[in-house]
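Let me begin by presenting the structure, written as structure tokens, before commenting on it.
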Amino acid sequence: MSSLFPALAGGPAGRPALRFGARSLTYGELGAAAGALAGRLRGGRRVAVWATPDLETAVGVVAALLAGAAAVPLNPRSGERELGHIVSDSAPDLVLAAPGAALPPPVRDLPRVDVEVHGTGPGSVPGEHAGEGDPALIVYTSGTTGPPKGAVLPRRAVAATLDALADAWQWTADDVLVHALPLFHVHGLVLGTLGPLRRGGSVRHLGRFSTEGVARELNGGATMLFGVPTMYHRIAEALPGDPELVKALTGARLLVSGSAALPLHDHERIAAATGRRVIERYGMTETLMNTSVRADGEARPGTVGVPLPGVELRLVEEDGSPVTADDGETVGEIQVRGPNLFTEYLNRPDATAAAFTDDGWFRTGDMAVREPDGYVRIVGRKATDLIKSGGYKIGAGEIENALLEHPGVREAAVTGEPDADLGERIVAWIVPADPQAPPALEELAGHVARRLAPHKRPRVLHHLDALPRNDLGKIMKRALGRS
Ligand code: MCA
Ligand code: AMP
């Protein structure tokens, strides 16, 4: 198949490719380092990558893809429970990590290969011996219940989505992207890292998000910013007192938000301070990118734009019939079809089958309306048990299960409630085992953070005498919070 990274073999070797903090690699250096590592990985099937926000993560993933293996990015902040599940479910041959990175137990037991970023390669980048249907990445994503599922993303999907975005955003080798997104999800890894490398452009990763970092890089030559709404919210808050940030956003070629809805208030505050419009795109781990406001189109706040080239999108009624009225009012579930889709949930044929209609459309679970001119406006989600906090998707069920493992918890329910910064915040409702000594929020937050991941921890806790249940014993979450 054609290469995922033509610029690695064909472009000018001195061109900047990656910069993480003070460390950087040109295309020549990246080709040498990733090429050498790919030589060691050749013949491998699947490799885990300890996805810290470092050069090594980017080099490790590129090397895996050059070798024709699938990369399984691991969140280094995940707890033992979550890492244990991902490692046993994906059964990687080995783990790639930065030299010196401390790996916790379930990952530590895998054969380890350190990623050397200044390795000397064979002088040429190896050809990519993999078919377009072969897996490129396995990215774990939460469902309403149970542990996260591994979405198997073929090489075709990565290439298709990045090329469709290049078309929509006029994204070229001249672009310098800045972001601070985690590298174990699609947004930061596929769009934010593989995207610039496929174009032959460059990326500067901030390591950790700060408005100062965004201002510094955009004022220092970066052209594009990618972020989740929480980041744009923090930018909107900082703009009135930060002329450098105003200058930075004003001068950027493209400001893109995704992973959750950017509230209109933040859209408007940014536009008022800078004269610039943030554009939104809509995607999902399973589908990569589906729609976007185009760089040459009208930036219409509150919408996620139009389907990307190659993506078929329809809205469907409750009974499965397609919505025919593009009237901006009729709500339906978004279903998509195209080369950007995943192939399956790893080891979960049941879940894979349930995710698709008989005629091959993927059910996103997102509810939307479509304007007469095709712009899509997302209005909600089908599942109330999915929470989006800081741009992370979090299943209520997995947090409830973790809470129930705490000795102080007899019953637990988890909901999301609006939060100006995070979009939604996680709320835990528990019936304590001992009403005289109910566990405190910090205790339960630490418990969940250690088992699952810090972003899954509850931020609000309510103690109840009993959970509201219907006649069948099912918890009535809608009744929570109204008492
Ligand atoms: C706090 N911390 C704890 C605890 N409490 N650690 C352990 N135990 C505890 N009890 C720590 C955290 O680890 C962290 O450490 C710090 O306290 C702050 O945590 P938190 O409040 O959660 O973080 P934040 O500063 O509020 O983060 C906001 C953020 C983040 C930077 C916007 O939410 C983020 O990076 N979001 C991006 C999500 C994303 O990329 N989603 C894409 C998936 P420390 O201070 O050391 O950091 S969606 C996707 O891919 C689809 C395809 C799409 O459409 O994009
Ligand atoms: P994830 O499963 O973590 O990949 O998150 C995918 C989900 O994020 C989608 O199903 C949407 O609910 C949500 N999402 C992504 N981008 C947007 C956006 N621009 N506006 C609203 N929701 C979004």
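FYI, it's all coordinate maths here, none of it is from the lab. Computed from a prediction, not measured in an experiment: that's the story for all the values here. Here the Cβ is made from the backbone with ideal geometry for all residues, glycine too, and neighbour counts use every protein chain on show.
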Starting from the amide H of LEU94, placed 1.01 Å from N in the peptide plane, find each other amide H under 5 Å away whose residue is 5 or more places distant or on another chain.
-> ALA48
Could you run the Karplus curve 6.51 cos²θ - 1.76 cosθ + 1.60 with θ = phi - 60° over the range 422-430 and give me ³J(HN,Hα) per residue in whole Hz, x for Gly and Pro?
-> 8, x, 9, 10, 7, 10, 9, 10, 10
Do the sum for the chain: with -39,500 (n - 2.57) for every DSSP H run of n ≥ 4, divided by all residues, what is the mean residue ellipticity at 222 nm, to the nearest 500 deg cm²/dmol?
-> -8000 deg cm²/dmol
Take the alpha carbon atoms of the range 147-183, find their center, do the same for the range 253-329, and report the distance between the two centers in whole angstrom.
-> 16
Scalar couplings 3J(HN,Hα) for the range 442-449 by Karplus 6.51 cos²θ - 1.76 cosθ + 1.60 (θ = phi - 60°), nearest whole Hz, x for Gly and Pro, are 4, 5, 6, 4, x, 4, 5, 4
Space enclosed by the convex hull of the alpha-carbon atoms of the range 137-188, per residue, Å³ = 106
Rounded to whole Hz and in sequence order, give me ³J(HN,Hα) for the range 262-277 from the Karplus expression 6.51 cos²θ - 1.76 cosθ + 1.60, θ = phi - 60°, writing x for Gly and Pro.
-> 8, x, 4, 4, 6, 3, 5, 5, 5, 5, 5, 7, 10, x, 10, 9
For the chain, the count of lysine pairs 8 or more apart or interchain whose alpha-carbon atoms are under 28 Å apart comes to 18
Dmax and Rg, reported as Rg then Dmax, of the chain (C-alpha, Å) = 22.3, 70
In whole percent, what relative contact order does the chain give with Cα contacts below 8 Å and a gap of six or more residues?
-> 12
Report the charge-dipole magnitude of the range 34-165 in Debye, nearest 20, computed about the Cα centre from +1 at each Lys and Arg Cβ and -1 at each Asp and Glu Cβ.
-> 180
For the chain, give the share of DSSP beta bridges that are antiparallel, in percent and rounded to the nearest 5; count only bridges with both residues there.
-> 60
Arrange the peptides 347-357, 415-425, 64-74, 161-171 so that the one whose residues have, on average, the most other Cβ atoms within 10 Å appears first.
-> 64-74, 161-171, 415-425, 347-357
